[in-house]
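See below for the structure under consideration.
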Amino acid sequence: MKKTIRIILLILFLVASYLIILGFFPKNANRFPFLALLFLGDLYVFSAVKIWINQKKNSVRYLLSFAYWLPLFLLILAVATSVSHLSDKVFRNATIYMFGFIFSAYAAKILPILFLLIADLIKGVRHVNHKVSKKIHGEQNHSIGDKITRSEFLKKAGLAGGGLIFSSLIFGMLKWVYDFKIHRVQIHLPYLPASFDGLKIVQISDMHLGSWASSDPLDEAITKINSLQPDLVFFTGDLVNYKTDEAFPFMKALQKVRARYGVFATLGNHDYGDYTRWPTPEAKKQNMTDLYHFYNEIGWKLLNNENQLLEIDGEKIAVIGVENWGAFSRFPRYGDIEKASQGTEDVKVKLLLSHDPSHWEEIVTKQCPDIDVTFAGHTHGFQFGIEIKKLKWSPAQYVYKYWAGLYENLLEGRKPQYLYVNRGLGTIGYPGRVGILPEITLFELKA
């Protein structure tokens, strides 16, 4: 009877919550099913930890309960008030870490939920088996003394695993997010002109400036970049998260990037302003105008389906940049490799900046055998994974065939083609990194 009453009360609570959101925040009512699902997951895990919480004295019990439900409360507040849109104003830093805390809390609950489901399934099977055995053989003693049951072990293992995940994600926000790692890559190109032998290129990607709490860590990254004394610097897209004005506080820092022959950039899917609501089409257009102006102000050459020829001692190579092109339909396809390559037909070596690595697989390797090296980003390596010696794993590999590092396309009768996928300098969504560190890549081209 108590369970029935609880279920009825739960249904009434969900209905009342939906009506409140619909009445006061109608634009966000479509997000209610997602919030309801998270709430049910919270209840499920709380049922496993409340026995331990109830053993504490009142003050500790209230504090633990408050801490447990805080992520859901903050998420509801953010969805209801669209507080994320304030992140570029007064509450910028607070919202960055708030959403990081919310993400960490719910990511940490995935493992406990999975283990609890398995434990409850085992418990249910054992219960049914006991009922059947009781009918067939009569009352039996199934006591196992003080030994922990399999389902109880799974519950505790799931909760312990969830705690480990949560602490790792929090540490990833506070420490590893700015633990910049320099990757050194040497690429041999058979047709590289002698005057370009030993050319040093630094690649950075996916800065997502709207996710940086301050410019101090960016200054540190730029100091590392300049210390490498690059001949060229390539930036392969996603300067911001939603709007160009996220980049304005970082203009002075980005103006400090130095390269002998210049800094070249291309656009990523986040740079077009497609992930936020604009009051008018003109406002969105102005956002792009502001972006182009920003690149001019910091002195970076933005290559929008165009190229730049570099000449040393009468020999030339081509730096080509395409706008974003992604194999997944949810990403824009503004990249035009034919237009971008016009005028480079007689150049022996061509370097391509293309944000999304799927462009290399779907277009470059099939239609452009003369492109030697493609520099991409986009995946971030999912900001989570394991990279230890020969062990390289990330959830990114289940979405992208090419997700981090150097890849080759070696076909008989054609010159080799290379793709390098940068792990990104910044973050999106979760403002941290675990296992996949922010990357600065130094390339040396050899003939």
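I'd like to verify a number: residues in the stretch 378-408 that are in a strand (DSSP E or B) and touching a Leu at 6+ places or on another chain (Cβ under 7 Å), how many? Write out each step before concluding.
Initial filter on the stretch 378-408 (in a strand (DSSP E or B)): 384, 386-388, 391-393, 405-408.
Okay, now just the ones that are also touching a Leu at 6+ places or on another chain (Cβ under 7 Å), so 407.
So the count comes out to 1.
Selection of the stretch 292-307 for residues being of a type outside the set (A, V, I, L, M) and either surrounded by 19 or more Cβ atoms within 10 Å (Cβ to Cβ) or touching a residue at least 12 places away in the same chain (Cβ under 8 Å) (or both) yields PHE294, TYR295, GLU297, GLY299, TRP300, LYS301, ASN304, ASN305, GLU306, ASN307. Consider the stretch 358-377 and keep the residues that are assigned to a helix (DSSP H, G or I) and of a type in the set (Asp, Glu). The one that is nearest to TYR334 (Cα to Cα) is GLU362. Within the stretch 226-249, the set of residues being surrounded by 23 or more Cβ atoms within 10 Å (Cβ to Cβ) and of a type in the set (Val, Ile, Thr) comprises VAL233, THR236, VAL240.
Please indicate, with yes or no, whether at least one residue in the stretch 141-154 is buried (at least 17 other Cβ atoms within 10 Å of the Cβ) and at pLDDT below 85. Within the stretch 141-154 (the criterion being buried (at least 17 other Cβ atoms within 10 Å of the Cβ) and at pLDDT below 85), the answer is yes, since at least one residue qualifies. Which number in (1) of a type in the set (Ser, Thr, Tyr); (2) at pLDDT 75 or above; (3) surrounded by 15 or more Cβ atoms within 10 Å (Cβ to Cβ) marks the one condition that TYR62 misses? The number of the failed condition is (3).
Of all the criteria given as (1) closer than 27 Å to TRP212 by Cβ; (2) without any contact (Cβ under 8 Å) to a residue 24 or more places away in the chain, the one not satisfied by GLY424 is (2). Cβ separations smaller than 6 Å between residues 6+ apart or across chains give no pair from the stretch 177-205 residues that are free of Cβ contacts under 8 Å to residues at least 40 places away in the same chain to residues that are crowded, with 21+ Cβ neighbours inside 10 Å and in a strand (DSSP E or B).
What are the residues in the stretch 337-354 that are assigned to a loop (DSSP other than H, G, I, E, B) and within 26 Å of the chain's Cα centre (by Cα), if any? Quick ask: steps written out before the conclusion?
Taking the stretch 337-354 as the starting set, the residues that turn out to be assigned to a loop (DSSP other than H, G, I, E, B) are 342-349, 354.
Hit for the stretch 337-354 is SER354, nothing else.
Filter the stretch 224-264 down to the residues that are under 18 Å from MET288 (Cβ atoms) and of a type in the set (Gly, Ala, Ser), then identify the one that is nearest to the chain's Cα centre (by Cα). In this case the residue turns out to be GLY237.
If we keep just the residues of the stretch 408-430 that are within 14 Å of LEU189 (Cα to Cα) and basic (Lys, Arg), which is surrounded by the fewest Cβ atoms within 10 Å (Cβ to Cβ)? The qualifying residue surrounded by the fewest Cβ atoms within 10 Å (Cβ to Cβ) is ARG414. Annotation note: Cβ proximity below 7 Å between a residue of the stretch 325-346 that is under 17 Å from HIS270 (Cβ atoms) and a residue that is modelled with pLDDT of 95 or more and β-branched (Val, Ile, Thr) (sequence gap 6+ or interchain) occurs for TRP325/ILE363; GLY335/VAL322. Does SER84 count as under 27 Å from GLY163 (Cα atoms), part of a helix (DSSP H, G or I), outside the structural domain of ASP245 (by TED's automatic domain parsing) and at pLDDT below 70? Spelling it out, SER84 is indeed under 27 Å from GLY163 (Cα atoms), part of a helix (DSSP H, G or I), outside the structural domain of ASP245 (by TED's automatic domain parsing) and at pLDDT below 70.
The values are calculated or read from the model by the stated rules, or taken from the named source; none is laboratory data. In this text the structure is predicted, and so the values were computed from the model without any measurement. Reconstructed Cβ throughout: ideal geometry from the backbone, glycine too, with neighbour counts over all protein chains shown.
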